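Written out below as structure tokens is the structure these notes cover.
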Amino acid sequence: MSDPLVTLVFYGIAAVTIVAAIGVVSLRNIYRAALCLVLTFLGVAGVYILLNADFVAVMQVLIYAGAVTTMLLFAIMLTRSPGSPRSNAANRQSGLALFAVLVLVVLLVLALGTAVWPQTAPVAAQSSVDVLAKQLFTTYALPFEIASVLLLAAMVGAIILARED
Amino acid sequence: MGQEFYLTGYFYAAVFLAVGAVVVLGGLIASLLLAPRGHKTREKLRAYESGEEPVGTAWVQFPVRFYIFALLFVVFDVEAIFLFAWATRFGQLGVVGLVEMAIFILVLVAGLVYAWRKGVLKWT
């Protein structure tokens, strides 16, 4: 990350991500908010790429920017009045939200301040997908199999909810 | 060296992104500059439906049956990304990896068979 160009790109991506995230919570049309969410996900994918986690970035684009957003847009279309300009309703809980954000910031600053950071850059001998796949199918084999059960539960739940009889 | 090569690859991705943005914005700006600015009548503001008279608004509540297809898409998207990770190390993972993946896919196939048996994949 010492390269000034990389730092510049990081700030550019971070700015786009934050502006898009503000759009998600501030736009009053929920459909536009969902499209801003796509941009936020893509920005996060860009940060992953800068962190050398290219496979995680691919997952981010495919699953979050692709599948999760599709799911969200379907959910919006399935509701009763999706097109109303005030569909992303505001509420009067900004004080509570500010408190929650402050608590989170304090916790994050404490955690980041006390963490021990490695002083030398890790050697990128393998591509990140290699390391990830090796870990996934050896150390984390059981969580991987449980993920399939979770997906199965989601499928069965959707079928029971959406069947018309 | 490796780090430089890694990011150079994404430089091309950034170029593609920029070209895509220029094409979209260029089209919008060109239409803004070139299109005649007349008064906006009701006919002009109406949605174009290939010559048909549009009925109602575009914002309608869709039938809940679409939900199953959206969710099936999400499930098999997640499966595909796991398959991709598995395929890149297929040689090293060997038979154990094959068995793990077979169990994973079989569990998901069970869901697909359930959907099939319940008849939700048929569009009536």
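Residue separation of B:Leu25 and B:Thr57 scaled by 0.36 nm, minus their Cα-Cα distance, works out to 8.8 nm of gained length. Annotation for region B:23-61 versus region A:39-77: alpha-carbon center distance of 31 Å. For the residues of A:142-154, the average number of beta carbons from a partner chain within 10 Å of their own beta carbon is 5. Of A:Met59, A:Val6, A:Asn29, which is farthest on the positive side of the dipole of the protein assembly as shown, counting Cα position, with +1 on Lys and Arg Cβ, -1 on Asp and Glu Cβ, and the Cα centre as origin? Going by the Cα projections, it comes out as A:Asn29.
You can think of it this way: the chain between A:Leu142 and A:Leu51 has 30.0 nm of extra reach, that is 0.36 nm per residue less the Cα-Cα gap. Rg ratio for region A:1-88: its Cα radius of gyration over 2.2 N^0.38 Å, N being its residue count, equals 1.24.
Net charge dipole, the protein assembly as shown: roughly 1080 debye, given to the nearest 20, about the Cα centre with Cβ charges of +1 for Lys and Arg and -1 for Asp and Glu. Placing unit charges on the Cβ atoms of the charged side chains and taking the dipole of region B:1-80 about its Cα centre, the candidate lying farthest along the positive direction among B:Val22, B:Leu72, B:Pro36 is B:Pro36. Taking the number of Cβ atoms within 10 Å of each Cβ as an exposure proxy, the fewest-first ranking of B:Phe90, B:Phe76 is B:Phe90, B:Phe76. Given the convex hull over the Cα atoms of the protein assembly as shown, what projected area results after averaging over all orientations, in nm²? Answer in nm², one decimal: 22.7.
A Cβ-based charge dipole, computed about the Cα centre of chain B with Lys and Arg at +1 and Asp and Glu at -1, lands at about 460 debye.
Quick check on the protein assembly as shown: helices-only [θ] at 222 nm, where DSSP H runs of length 4 and up contribute -39,500 (n - 2.57) each and the sum goes over total residues. Nearest 500, please. The helix-only estimate for the protein assembly as shown comes to -23500 deg cm²/dmol at 222 nm.
Over chain A, consider all pairs of different Cα atoms and compute the Kirkwood hydrodynamic radius from their mean reciprocal separation; express it in Å, one decimal.
Taking the inverse mean of 1/r over all distinct Cα pairs, chain A comes out at 19.6 Å.
Membrane-span-like helices in chain A, defined here as complete DSSP H runs extending at least 24 Å along the helix axis by their C-alpha atoms with mean Kyte-Doolittle hydropathy no lower than -0.5, are A:4-26, A:30-50, A:94-114, A:141-162; this is a sequence and geometry rule, not a statement about a membrane. The Cα trace of region B:2-118 gives Rg and Dmax of 24.7, 71 Å, the first to one decimal, the second as a whole number.
Every number here is computed from the coordinates shown, using simple stated rules; none is lab data. Treat the numbers as computed from the prediction; the structure is a model and nothing was measured. All Cβ positions, even for glycine, are placed from backbone atoms using ideal geometry, and neighbour counts span all protein chains on display.
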